[in-house]
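The values are calculated or read from the model by the stated rules, or taken from the named source; none is laboratory data. Everything numeric here is computed off the predicted structure, so don't read it as measured data. All Cβ positions, glycine included, derive from the backbone under ideal geometry; neighbour counts span all protein chains shown. All accessible areas refer to the heavy atoms of the entire protein, side chains included, with ligands and DNA or RNA removed. Shrake-Rupley method; radii C 1.70, N 1.55, O 1.52, S 1.80 Å.
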Amino acid sequence: MFKDFDWAVIGRALPFLVDGMGMTLQLTVIAIFGGICFGTLLALLRISPFRPISFVAGSYVNFFRSMPLILVIFWFYFLVPQIIGRPIGGFYSVLIAFVMFEAAYYCEIIRAGIQSVTRGQIMAGTAIGLSYIQAMRYIVLPQAFRNMIPVLLTQSIIMFQDTSLVYVVGLRDFLTSADLIATRDNRLVELYSTIAVVYFILCLLGSLAVRRLQRKYTI
Amino acid sequence: MIEIKNVSKWYADFHVLDDCSTFVGKGDVVVICGPSGSGKSTLIKCVNGLEPFQKGEITVDGTSVGQKGVNLNALRSRIGMVFQNFELFPHMTVLQNIALGQTKVLGRTEPEAHDRSMLLLDRVGLVDQADKHPAQLSGGQQQRVAIARALAMDPIAMLFDEPTSALDPEMINEVLDVMVELAKEGMTMMVVTHEMGFARKVADKVIFMDEGRIVEEANTKEFFEKPRSERAQEFLSKILSH
Ligand SMILES: Nc1ncnc2c1ncn2[C@@H]1O[C@H](COP(=O)(O)OP(=O)(O)O)[C@@H](O)[C@H]1O
Ligand SMILES: [Mg+2]
């Protein structure tokens with residue numbers, strides 16, 4: 001029965017698939033970067049001793065963590081243009097959705113990382129005259145990020161897989177590209193198994209990196 | 001230089017410091033001892049504002065520590081502090097540990113900070129360790145780096161919180177030697193320690209604390225010859241018999 005398969009379709013579709021992978025990687029990288037930046041800010045607000053600030057940040061996190069990602073994507077795609085009165089386009093709407101959604105998860109990872117740095121370290125920093133913000137920047141955050149690298153990477157692998165949801169707003173990422181060819185040429189098995197292998201290999205590489213880093217940073 | 005007047009502090013209902021008063025003159029070395037949990041660490045952390053207190057007043061070189069509007073960061077940069085667990089920054093090299101405060105707080109340039117750091121490392125006998133990370137050093141070496149880090153800020157006084165308690169016995173002296181030298185050079189020092197040999201050698205005054213109170217305060221000779229309070233006598237005989 002394998003005779004019936006036409007694997008050459010993959011070769012023909014390659015440029016189209018690579019193009020889709022470009023979109024997937026672009027979304028992943030920007031969303032990870034934005035998510036970590038915004039997540040760090042949220043984490044700092046969340047541990048603020050000033051109650052109203054930590055409450056707002058905490059509510060944000062709990063809210064987004066109780067929403068399915070696909071719902072958040074829909075919102076930014078359909079509702080935000082209604083509110084601001086003009087369309088913002090599929091790409092930007094999913095980008096904002098990803099950053100805001102992932103930031104809630106990154107926030108919790110980063111908060112745990114910050115709290116893994118002992119109070120004595122902040123004391124030692126402030127004892128030489130650093131301000132709270134300087135102590136965070138030069139002493140706590142660098143150590144926190146080191147402790148967090150494996151978990152951050154794991155979350156980023158999940159994020160990479162989640163980008164496939166963008167098909168709902170008509171963006172053409174890796175999965176959608178494959179899907180288009182698969183249905184056009186009626187080559188479902190060939191394309192779906194190929195992209196499964198690609199996702200598997202990329203995520204496997206990611207997990208291997210996580211394991212290496214874990215070994216490197218746990219002394 | 002350091003004046004502590006009727007300081008009281010509570011953790012919720014728990015009275016950690018109970019009406020503590022004392023005075024440390026310029027160039028004086030004061031040793032604070034007492035049983036664990038008596039409030040020694042808390043008291044010296046109040047001196048550089050690492051711990052707030054509810055009642056009383058502390059002034060350092062004329063600046064009131066507890067008062068609103070006082071620039072605590074500026075004050076702290078002028079008071080060196082050495083911790084029981086060293087608290088070196090593990091992600092930085094020895095040199096970077098010593099340079100950080102100089103560049104970020106005092107505004108020295110990198111080369112200035114570098115030169116000053118190397119000078120201090122030479123002084124504590126660790127020039128050849130400059131590029132290592134703290135985890136690669138022994139406890140005694142780490143504590144000497146911590147002392148160099150504090151000295152790099154050109155402090156007007158130094159606070160030590162049990163600087164040798166976390167060390168293996170054979171490393172205690174290398175740290176005490178550095179401290180003795182500092183004391184002899186006229187550094188103003190408040191030292192929480194149970195190293196009575198050190199106290200005998202360099203302390204001008206010994207303070208004994210128990211349950212948040214300064215139970216006894218006497219010049220060193222008097223304290224060791226005939227402590228007035230029973231608690232101090234008991235404490236002394238216990239640690240001297242070790
Ligand atoms: N953050 C805190 N909250 C509540 N109690 C504390 C805190 N820090 C210290 N204490 C208590 O205050 C007392 C004095 O502590 P400390 O100054 O560290 O004593 P010492 O240094 O003499 O051993 C101890 O009983 C300790 O349990
Ligand atoms: Mg203590």
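Yes or no: the range A:93-108 includes at least one residue that is without any contact (Cβ under 8 Å) to a residue 24 or more places away in the chain and of a type in the set (G, A, S).
Scanning the range A:93-108, I find no residue that is without any contact (Cβ under 8 Å) to a residue 24 or more places away in the chain and of a type in the set (G, A, S), so the answer is no.
Can you name the residue in the range B:58-91 that is outside any loop (DSSP other than H, G, I, E, B) and of a type in the set (A, V, I, L, M, F, W, C) and is also nearest to the other protein chains (Cβ to nearest Cβ) among such residues?
Among those residues, the one meeting the criterion is B:M81.
Within the range B:174-190, track down each residue that is without any contact (Cβ under 8 Å) to a residue 40 or more places away in the chain and open to solvent by less than 10 Å² (accessible area, probe 1.4 Å).
If the condition is that a residue be without any contact (Cβ under 8 Å) to a residue 40 or more places away in the chain and open to solvent by less than 10 Å² (accessible area, probe 1.4 Å), then B:V175, B:M179, B:L182 are the ones that fit.
Which residues, counting only those in the range B:74-126, are open to solvent by 60 Å² or more (accessible area, probe 1.4 Å) and under 17 Å from B:I147 (Cβ atoms)?
Within the range B:74-126, B:R78, B:Q84, B:N85, B:Q96, B:R116, B:L119, B:D122, B:R123 meet the criteria.
Between B:K55, B:K9, which is in contact (Cβ under 8 Å) with a residue 24 or more places away in the chain and away from ligand 2 (no atom under 16 Å from the Cβ)?
Working: B:K9 fails: away from ligand 2 (no atom under 16 Å from the Cβ).
Answer to the check: B:K55.
Would the range A:193-210 turn up any residue that is among the hydrophobic types (A, V, I, L, M, F, W, C), surrounded by fewer than 16 Cβ atoms within 10 Å (Cβ to Cβ) and within 14 Å of chain B (Cβ to nearest Cβ)?
There is no residue in the range A:193-210 that is among the hydrophobic types (A, V, I, L, M, F, W, C), surrounded by fewer than 16 Cβ atoms within 10 Å (Cβ to Cβ) and within 14 Å of chain B (Cβ to nearest Cβ).
For the range B:142-242, list the strands (runs of 3 or more DSSP E) that sit wholly inside it and hold at least 1 residues that are within 14 Å of another protein chain (Cβ to nearest Cβ), within 16 Å of ligand 2 (Cβ to nearest atom) and under 13 Å from the mean Cα position of the chain (by Cα); which are they?
Result: B:157-161, B:188-192.
Pick out the one residue from A:V198, A:V210, A:V151 that is aliphatic (A, V, I, L, M), closer than 30 Å to A:F76 by Cβ and at pLDDT below 85. Full working, then the answer.
On the way: A:V198 fails: at pLDDT below 85; A:V151 fails: at pLDDT below 85.
Unique residue meeting the criteria: A:V210.
Read through the list (1) in contact with a Pro (Cβ under 8 Å, 6 or more places away or on another chain); (2) within 14 Å of another protein chain (Cβ to nearest Cβ), then give the number of the only condition that B:V94 fails.
Failed condition: (2).
Please determine, by comparing only the residues of the range B:58-73 that are within 18 Å of A:G125 (Cβ to Cβ) and either of a type in the set (G, A, S) or surrounded by 14 or more Cβ atoms within 10 Å (Cβ to Cβ) (or both), which one is farthest from ligand 1 (Cβ to nearest atom).
B:N73
Any idea which of (1) within 14 Å of chain A (Cβ to nearest Cβ); (2) open to solvent by 50 Å² or more (accessible area, probe 1.4 Å) is the one B:D13 doesn't satisfy?
Exception for B:D13: condition (1).
Just give me the residues in the range B:196-223 being open to solvent by 50 Å² or more (accessible area, probe 1.4 Å), within 16 Å of ligand 1 (Cβ to nearest atom) and in contact with an Asp or Glu (Cβ under 9 Å, 6 or more places away or on another chain), in sequence order.
B:E211, B:R213
Which residues, taken from the range B:149-171, are of a type in the set (G, A, S) and within 16 Å of ligand 1 (Cβ to nearest atom)?
B:S165, B:A166
How many residues does the range B:31-57 contain that are open to solvent by less than 10 Å² (accessible area, probe 1.4 Å) and either within 14 Å of chain A (Cβ to nearest Cβ) or more than 15 Å from ligand 1 (Cβ to nearest atom) (or both)?
Matching residues across the range B:31-57 total 4.
So in the range A:109-139, with the set limited to residues that are touching a residue at least 24 places away in the same chain (Cβ under 8 Å) and under 23 Å from B:C46 (Cα atoms), which one is farthest from the other protein chains (Cβ to nearest Cβ)?
A:M136
All but one of (1) more than 25 Å from B:H15 (Cα to Cα); (2) not in a helix (DSSP H, G or I) hold for B:G101; state the number of the condition that does not hold.
(2) is the only condition that B:G101 fails.
Open to solvent by less than 50 Å² (accessible area, probe 1.4 Å), farther than 27 Å from A:S131 by Cβ and not aromatic (F, W, Y): is that true of B:Q141 in this structure?
yes
Within the set of pairs 6 or more residues apart or between chains, which connect a residue that is at positive phi inside the range B:153-169 to a residue that is within 15 Å of ligand 2 (Cβ to nearest atom) and open to solvent by 10 Å² or more (accessible area, probe 1.4 Å) with Cβ atoms less than 7 Å apart?
Within 7 Å, the pairs are B:E162/B:Q84.
Examine the range B:29-48 for a residue that is under 17 Å from B:L151 (Cα atoms), at pLDDT 95 or above and more than 16 Å from ligand 2 (Cβ to nearest atom), and state whether such a residue exists.
yes
Mind checking which helices (runs of 4 or more DSSP H) fall wholly inside the range A:48-89 and carry at least 3 residues that are surrounded by 11 or more Cβ atoms within 10 Å (Cβ to Cβ)? Spell out how you get there, then give the answer.
On the way: elements: A:51-65, A:69-74, A:80-84.
Those helices (runs of 4 or more DSSP H) span A:51-65, A:69-74.
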